[in-house]
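This report concerns only the one structure given below.
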Amino acid sequence: MKNALNDLSPVEGRFNAGWGSLAYRERGDRNEPTIVFIHAMSFDQEIWREVFSLIPSGYRLISFDLRGHGKSDTPTLPYDLRDYASDTLSLLDHLQVKDCTLVGMSFGGMVAQLVASLRPGLFSRLVLSNTATKIGVPEDWMAAAEEARQHGFTRKNTMSGLERLFSQRFLDRSPLIDSIIQRRMNRSVEGYIGCCNAIAHADLSESSTELDQPTLVIGSDEDMVTPPDVVEVLATTIPNSSVGMISGAGHLQCLDAPREFTELLLNYMEPPRARS
């Protein structure tokens with residue numbers, strides 16, 4: 001796969017992860033500061049499209065579809081958080097990433113925390129958005145998995161889920177809503193069950209206390225999944241962290257408030273070196 005050296009359009013690739021393949025996108029030069037993005041559960045790397053468009057040239061950007069999501073393959077169940085972390089590290093090794101800022105949103109933020117604890121020298125900074133060391137309670141996640149196993153995804157339960165993920169402003173006005181609904185109704189049931197199992201059994205409250213990278217923890221005031229007090233707890237858990245809050249946004253800020261999210265991210269990054 002060739003890099004898009006001076007092109008702001010990402011190029012697509014596939015990585016053989018052993019159990020199947022991961023779909024990924026890459027934009028920029030491998031010598032430029034690298035930012036790696038991990039998406040939320042039940043979505044895919046498409047959620048970063050607007051953020052990518054708002055980041056100027058001079059950065060290398062990488063996103064990918066988690067196993068069981070988007071265009072990536074779905075391995076045999078079950079899998080846990082370490083499986084997602086292993087996939088991430090294998091992909092970054094394949095892409096010869098030596099140092100990067102790791103951005104994780106929601107479930108992707110949990111994966112990012114574990115990845116950073118397993119290979120701390122690979123990540124110079126972390127950006128953890130709308131996430132926690134533990135989300136919800138195991139019984140609820142296992143019940144959600146069983147519901148999906150028995151009934152799949154309908155428009156009714158999809159719409160109900162969206163009300164917890166987005167601000168009312170976004171639901172009322174965004175032109176993306178129809179496509180989001182359609183993509184979520186077409187998502188992999190197995191991929192969803194895999195995530196439910198991973199979250200139900202994940203607790204990063206100990207390992208994340210040992211993270212020593214500078215970390216930006218981002219929250220939003222209308223998030224019903226990981227509300228501001230949960231985000232503040234995460235910030236107190238990670239020693240070298242700071243907090244950024246976005247007003248008027250729900251759980252998935254990269255869709256709900258992409259400009260504000262990108263501004264926080266870029267302000268946290270070192271500016272890219274000018275090309276000679």
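The values are calculated or read from the model by the stated rules, or taken from the named source; none is laboratory data. Because the structure is predicted, anything quoted here is derived from the model rather than measured. As a convention, Cβ positions derive from the backbone with ideal geometry for all residues, glycine included, and neighbour counts pool all protein chains shown. Heads up: the accessible areas ignore ligands, DNA and RNA and are worked out on the full protein's heavy atoms, side chains in. Shrake-Rupley method; radii C 1.70, N 1.55, O 1.52, S 1.80 Å.
To the nearest Å, what is the center-to-center distance of the stretch 117-180 and the stretch 191-270, using C-alpha atoms only? After rounding, the separation between the Cα centres reads 13 Å. Note: relative contact order over the stretch 124-276, using C-alpha pairs below 8 Å and six or more positions apart, is 33 percent. Counting only protein heavy atoms and a 1.4 Å probe, the chain has 44 square angstrom of accessible area per residue.
Placing a pseudo-label 7 Å from each Cα along the Cα-to-Cβ vector at residue 14 and residue 164 gives an inter-label distance of 3.4 nm.
Just need the relative contact order of the stretch 1-138 here, percent rounded to a whole number, with Cα pairs under 8 Å and 6+ apart.
On the way: 271 pairs, mean separation 31.5, N = 138.
Relative contact order comes out at 23 percent.
Quick check: from the Cα gyration tensor, does the stretch 173-276 come out rounded (a/c under 1.5), prolate or oblate? Note, shape of the stretch 173-276 comes out oblate. Annotation: peptides 136-146, 26-36, ranked by per-residue average of other Cβ atoms within 10 Å with the highest first, follow the order 26-36, 136-146. Candidate cross-link partners of residue 134 among the aspartates and glutamates, defined by an alpha-carbon separation under 18 Å and a same-chain spacing of 8 or more, comprise 80, 83, 203, 206, 210, 223, 229, 232. Here the accessible area of the stretch 40-119 is 45 percent carbon and sulfur, with a 1.4 angstrom probe and all protein chains present. Hydrodynamic estimate: the Kirkwood radius of the stretch 2-159 over Cα pairs, inserted into Stokes-Einstein at 4 °C and 1.567 mPa s, corresponds to D of 79 µm²/s. Taken as entire DSSP H runs, the helices of the chain that both span 18 Å or more between Cα atoms along their own long axis and average -0.5 or more on the Kyte-Doolittle scale are 81-94.
Listed peptides 174-181, 99-106, 255-262, 48-55 appear in the order 99-106, 255-262, 48-55, 174-181 once ranked by packing, highest mean of other Cβ atoms within 10 Å at the front. Please report the net charge: other residues with Cβ closer than 9 Å to the Cβ of residue 39, K and R +1, D and E -1. So the surrounding residues net to -3.
Cα convex hull, the stretch 110-266: 116 Å³ per residue, rounded to a whole number.
Only beta bridges with both residues in the stretch 1-94 are counted; by DSSP, about 65 percent of them are antiparallel. Across the chain, C-alpha contacts under 8 Å between residues 6 or more apart give a mean separation that, scaled by the residue count, equals a relative contact order of 20 percent. Computed on the Cα atoms alone, the convex hull of the chain gives a volume of 115 cubic angstrom per residue.
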